[in-house]
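S.K.: The structure that follows is given in the form of structure tokens.
The values are calculated or read from the model by the stated rules, or taken from the named source; none is laboratory data. These numbers come from a predicted model, not from an experiment. Heads up, the Cβs are rebuilt from the backbone with ideal geometry, glycines too, and the neighbour counts pull from every protein chain shown. These accessible areas exclude ligands, DNA and RNA; they are computed on the full protein's heavy atoms, side chains included. Shrake-Rupley method; radii C 1.70, N 1.55, O 1.52, S 1.80 Å.
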Amino acid sequence: LHLIHTLSLHDALPISTPDPSRTLNLKEMPSSEPPKQPCDSRGVPVPAGCCVLDPKTIRRGLGLMAKYLHHNNADLAVIAVGGVVSTLFLRAWTTTTDVDALGSTLTTAQRRLLASAASYAKTNSPVPLGDGWFSGQGMQYVRPEVARDVYELSMAQNDIIFCSEGLTVLAPRWSYAFMVCVDRLSHGVGRPYDMGNAVSYLDRKSTRLN
């Protein structure tokens, strides 16, 4: 006799089904890209706390500062440093994240007044100006005697970036701006835009000589 054994439901092998409660391991986790850091118009990452500023926003912010200074019976002339020169005067950039001034030539009272004017502009601007707005970085690492020379030469050069009652902002002496970029590049601490800026400053200096 040949016995025929029929598998019942109880005899059948269990079918493996995924357990929804099981945690996926690293290989099974869907890959996701880290959030991208915002960049300015030149593709340079925006520093934390800073904002991308276009010419219209910069002019509005400087206008608010001039209003504050004029209201406080002050009339300051400062030498611009940072991206504001390339954005607002040379128009080589469409945006920047830093607007600052070489303030070593100002008295202590004038520096405080300038800082208060910058704070007023940041508070009353319809769009954020960010931490790069007159942060004071342009006042560091410059010896007082160098700052005085740059101030006098920049005043004589008289390339005005912004002017209103209470505040005049001038471009730095082009030879000085050029040398700052070259110095950083020669010491291996150049910024991504230093080479392009150096060329723009040299071109501006040559144009004035002609």
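S.K.: Sort out which residues of region 105-119 are surrounded by 14 or more Cβ atoms within 10 Å (Cβ to Cβ), in a helix (DSSP H, G or I) and out of contact with any Phe, Trp or Tyr (no Cβ under 8 Å at 6 or more places or on another chain), and write them in order of number.
M.R.: Hits for region 105-119 are 110, 111, 113, 119.
S.K.: Right, another one. If you go through region 38-58, how many residues are modelled with pLDDT of 80 or more, part of a loop (DSSP other than H, G, I, E, B) and surrounded by 13 or more Cβ atoms within 10 Å (Cβ to Cβ)?
M.R.: 5
S.K.: Any idea how many residues of region 180-208 are in a helix (DSSP H, G or I) and within 21 Å of the chain's Cα centre (by Cα)?
M.R.: 14
S.K.: If you take the residues of region 59-79 that are outside any helix (DSSP H, G or I) and crowded, with 21+ Cβ neighbours inside 10 Å, which of them is nearest to the chain's Cα centre (by Cα)?
M.R.: Across region 59-79, the extreme among qualifying residues is 79.
Conditions tested, residue by residue: (1) open to solvent by 50 Å² or more (accessible area, probe 1.4 Å); (2) touching a Lys or Arg at 6+ places or on another chain (Cβ under 7 Å); (3) modelled with pLDDT of 95 or more; (4) of a type outside the set (S, T, N, Q).
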residue: 169; (1), (2), (3), (4): no, no, yes, yes
residue: 183; (1), (2), (3), (4): yes, no, no, yes
residue: 190; (1), (2), (3), (4): no, yes, no, yes
residue: 193; (1), (2), (3), (4): yes, yes, no, yes
residue: 203; (1), (2), (3), (4): yes, no, no, yes
residue: 209; (1), (2), (3), (4): yes, no, no, yes
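S.K.: For the condition open to solvent by 50 Å² or more (accessible area, probe 1.4 Å), touching a Ser or Thr at 6+ places or on another chain (Cβ under 9 Å) and in contact (Cβ under 8 Å) with a residue 40 or more places away in the chain, what is the one hit in 142, 150, 127, 99?
M.R.: One residue alone meets the criteria, 127.
S.K.: Residues of region 35-66 being in contact with a Phe, Trp or Tyr (Cβ under 8 Å, 6 or more places away or on another chain) and among the basic types (Lys, Arg), which ones?
M.R.: Residues satisfying the conditions are 42, 59.
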